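Novice: Have a look at this one before I ask anything.
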Amino acid sequence: MPRAGAHPARPARPARARTGAGRAVRAATAVATALGVLALGGCGAAETGRSQQAGNGGNTVTLTVPSWVGAQANAAVAAYLLENELDYEVRTKQLGEVLAWDALSKGDVDAILEDWGHPKEEKRYVEEKKTVVSGGDLGVTGHIGWYVPKYFADAHPDVTDWKNLDRYAKDFATAESGGKGQILEGSPDYVTHDDAIIKNLGLDLKTTYAGSEAAQITAIRKYAEEKKPFLTYWWTPQWLNAQVDLVEVKLPAYEEGCDAVPEKVACGYPETPLRKYLNADFAKNGGEAAEFLKNFTWTTEQQNEVALMIADRKLSPEAAAEKWVKDNEATWKAWLPR
């Protein structure tokens, strides 16, 4: 799409070199952006946007960043390119999955870059209020499930059928699970059906929370190093899957609508094409920033590459994004507005 006339003119800003130049001038902003810790205050009068944001012709873009590292990878690369290629200022706000939808509707944030499916929020904000619009597919398909380590599944092949889990409850039990088999969870903010699944399938299990993705990874690694049995809520894509070999436990097959009533769920999780959502005003008036975020799509492997640099190699999100951008110009060039 031609740039001329496609969006409101942005305020003039000092000229900058592309990709990498000028980082020293805005280092503090970039670091805060990548880490996803900059909070915003106040609300505008209109529910769909705020005057200082790109949605109303401004030069600031606000992204919500969930707590898992794959989503941080999305935001880090998007922020880096928005700042270094399109000359926007990027702010980030870390929010729980459901709260992010409310903030998006109000215009407190401009975009969610990785949504795992929230039908109630989609109905309310996309279909009814029309304050949120789809930003298209991220290009990554997600899947949540229950997993055990391969070394335990190799020794006990029947553990991969949920009907046999009670047989191994004592192997999964911990001090925190009160005599029941433990299923290790990550952050309490994650939307899961595990308590309902356990109850409705009559399993001798109990959910216990590590507290965060990082803490869950630490626990999984410790179990794996010691070759101990464990059962965990887990997902793909996830960079740790290349280091710890996990096998999924087959829950009752997912069927459309089987998770419609949360307390009655007795099925597994679906395959979920991960999607982006934009504030409606931003999508319409956000200019190059909105066009770029709609174009932003990448593969599971590419997301995992950045996530691995952040979580395992301990690069800052900005440094990981910079390295990936330098090595993958052919990919991200296609995302830029034309």
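Novice: Say each of Lys130 and Lys284 gets a label point 7 Å from the Cα, pointing the same way as Cα to Cβ; how far apart are those two points in nm?
Specialist: 0.8 nm
Novice: Also: At 20 °C and 1.002 mPa s, grab the translational diffusion coefficient of region 143-271 from Stokes-Einstein with a Kirkwood Rh over Cα pairs, rounded to a whole number in µm² per second.
Specialist: Translational D for this selection: 146 µm²/s.
Novice: Placing unit charges on C-beta atoms (Lys and Arg positive, Asp and Glu negative, everything else neutral), compute the dipole magnitude of region 143-271 about its Cα centre in debye, rounded to 20.
Specialist: It comes to approximately 440 debye.
Novice: So how much slack lies between Glu176 and Lys228, counting 0.36 nm per residue of separation and subtracting their Cα-Cα distance, in nm?
Specialist: Here the segment from Glu176 to Lys228 would lengthen by 17.1 nm.
Novice: Further question on the same structure: As an exercise, use a Förster radius of 41 Å and the Cβ-Cβ distance of Ala155 and Asp312 to find the FRET efficiency, rounded to the nearest 0.05.
Specialist: Once rounded, the FRET efficiency stands at 0.90.
Novice: Could you list, in their original order, any pairs among Lys93/Lys284; Lys222/Lys323; Lys222/Lys276; Lys93/Lys129; Lys284/Lys323; Lys130/Lys323 whose Cα atoms are separated by more than 26 Å?
Specialist: Violating the 26 Å limit, Cα to Cα: Lys222/Lys323; Lys222/Lys276; Lys284/Lys323; Lys130/Lys323.
Novice: Going by average Cβ density within 10 Å per residue, which order do the peptides 327-333, 209-215, 62-68, 158-164 take, highest to lowest?
Specialist: My ranking of the peptides, most packed first, is 62-68, 209-215, 158-164, 327-333.
Novice: Given Lys228/Lys314; Lys206/Lys227; Lys106/Lys264, which pairs have Cα atoms separated by over 30 Å?
Specialist: The pairs that break the limit, which is 30 Å between Cα atoms, are Lys106/Lys264.
Novice: Out of Gly178, Val90, Trp146, whose Cα points farthest toward the positive end of the dipole of region 82-209 (charges: +1 Lys, Arg; -1 Asp, Glu; placed on Cβ)?
Specialist: Farthest towards the positive end: Gly178.
Novice: Then there's this: Describe numerically, in nm with one decimal, the distance between label points set 7 Å from Cα along Cα→Cβ at Val98 and at Lys123.
Specialist: My value for the distance between the label points is 1.4 nm.
Taken together, the values in this text are just the output of simple stated rules run on the coordinates, not laboratory data. On a predicted model such as this, the values are computed, not experimentally measured, just so you know. Methodologically, a virtual Cβ is constructed for each residue, glycine included, from the backbone with ideal geometry; neighbour enumeration extends over all protein chains shown.
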